[in-house]
1. What do you reckon, is S213 surrounded by fewer than 21 Cβ atoms within 10 Å (Cβ to Cβ) and part of a helix (DSSP H, G or I)?
2. Does region 153-192 hold any residues that are touching a residue at least 40 places away in the same chain (Cβ under 8 Å) and over 16 Å from the mean Cα position of the chain (by Cα), and which are they?
3. Return yes when N250 is surrounded by fewer than 24 Cβ atoms within 10 Å (Cβ to Cβ), polar (S, T, N, Q), touching a residue at least 40 places away in the same chain (Cβ under 8 Å) and within 21 Å of P104 (Cα to Cα) and no when it is not.
4. Among the residues that make up region 121-131, is at least one of them assigned to a loop (DSSP other than H, G, I, E, B) and surrounded by fewer than 20 Cβ atoms within 10 Å (Cβ to Cβ)?
5. Scan T37, T6, T26, T44 and give me the residue that is surrounded by 17 or more Cβ atoms within 10 Å (Cβ to Cβ) and over 16 Å from the mean Cα position of the chain (by Cα).
6. Starting from residues that are in contact (Cβ under 8 Å) with a residue 40 or more places away in the chain and over 20 Å from Y95 (Cβ atoms), keep the ones in region 47-74 and report whichever is surrounded by the most Cβ atoms within 10 Å (Cβ to Cβ).
7. Report the residue count in region 134-175 for those that are under 24 Å from A73 (Cβ atoms) and in a helix (DSSP H, G or I).
8. Go through (1) in contact (Cβ under 8 Å) with a residue 40 or more places away in the chain; (2) more than 12 Å from A119 (Cβ to Cβ); (3) over 17 Å from the mean Cα position of the chain (by Cα) one by one and return the number of the condition N99 breaks.
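The values are calculated or read from the model by the stated rules, or taken from the named source; none is laboratory data. These figures come from a predicted structure and were not determined experimentally. Cβ: placed from backbone, ideal geometry, glycine included. Neighbour counts: every protein chain shown.
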Amino acid sequence: MRCVLTIAGSDCSGGAGIQADLKTMTAHKVYGMSAITALTAQNTTGVFAIQEVTPEFLAAQLDAIFTDIPPHAVKIGMVASAELVQVIAEKLENYGIKNIVLDPVMVATSGSKLIQTEAIAALTEKLFPLATLVTPNIPEAEVLSGIAIHNKEEMIAAAENMEQQYGCHVLIKGGHLKSGADDLLWTNGEGIWLCAKRVNNPNTHGTGCTLSSAIACGLAEGKSLYESVQSAKAYLLGALGANLNLGRGNGPLKHC
């Protein structure tokens, strides 16, 4: 059986973080595992409190997983501090883990900041070079590339900049564009557009977590990077199109 690990924060309301990741993995019929970086008190209206785990405890979780059930792919989500980034990078390198999908979570859908400023530098220096794919949305890509993005041409410029700066393949998600919801996969100096109509659903809590986890599932199953991204996007569109409507704010997806 294919096994996939999520390294991310917990969302007690179940819409994002490890809860969304594990639901996505279940839907893809892989065996899901989790190493928790932080507990959050959140729901569809916002994030109210964050409690990080210690670097030592995160290291213990990763050792327990890697020495017993090595994953065929890893998805990395919310990592709020540079110290936790360092632990993850060391463990991935020490155990020779491959097929790493990194979702550089910086701000929650509700607008709450989820990462310390110094952790962004640690992410780009320590984890980006290890990643098979980095999956920023447009606001995250603007921070990482230093390029303001208002259109597809600027998405291309940002993706090219990130590949040159950080040496990683990039998927810039286009959901923040007014003109559509096309994503740009940038690998080895070339871009592929994954086009789709925007789903008329205001409930998008956990979309980034869900997409990156679905990509990791595809890689674990032996699909190419392009095939994994393509199938993950189709899965996400289905989860959005199911039009689940829970909570008083930006609601979650229907993962299963």
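1. On the way: surrounded by fewer than 21 Cβ atoms within 10 Å (Cβ to Cβ): no; part of a helix (DSSP H, G or I): yes.
Against the criterion (surrounded by fewer than 21 Cβ atoms within 10 Å (Cβ to Cβ) and part of a helix (DSSP H, G or I)), S213 does not qualify.
2. Step one: list which residues in region 153-192 are touching a residue at least 40 places away in the same chain (Cβ under 8 Å), which gives 165-166, 168-169, 171, 183, 185.
Passing the criteria: Q165, Y166.
3. Values: surrounded by fewer than 24 Cβ atoms within 10 Å (Cβ to Cβ): yes; polar (S, T, N, Q): yes; touching a residue at least 40 places away in the same chain (Cβ under 8 Å): yes; within 21 Å of P104 (Cα to Cα): yes.
Against the criterion (surrounded by fewer than 24 Cβ atoms within 10 Å (Cβ to Cβ), polar (S, T, N, Q), touching a residue at least 40 places away in the same chain (Cβ under 8 Å) and within 21 Å of P104 (Cα to Cα)), N250 qualifies.
4. no
5. Details: T37 fails: over 16 Å from the mean Cα position of the chain (by Cα); T6 fails: over 16 Å from the mean Cα position of the chain (by Cα); T26 fails: surrounded by 17 or more Cβ atoms within 10 Å (Cβ to Cβ).
Checking each option against the conditions leaves just T44.
6. Among them, the one singled out is V47.
7. 7
8. Of (1) in contact (Cβ under 8 Å) with a residue 40 or more places away in the chain; (2) more than 12 Å from A119 (Cβ to Cβ); (3) over 17 Å from the mean Cα position of the chain (by Cα), only one is false for N99: (3).
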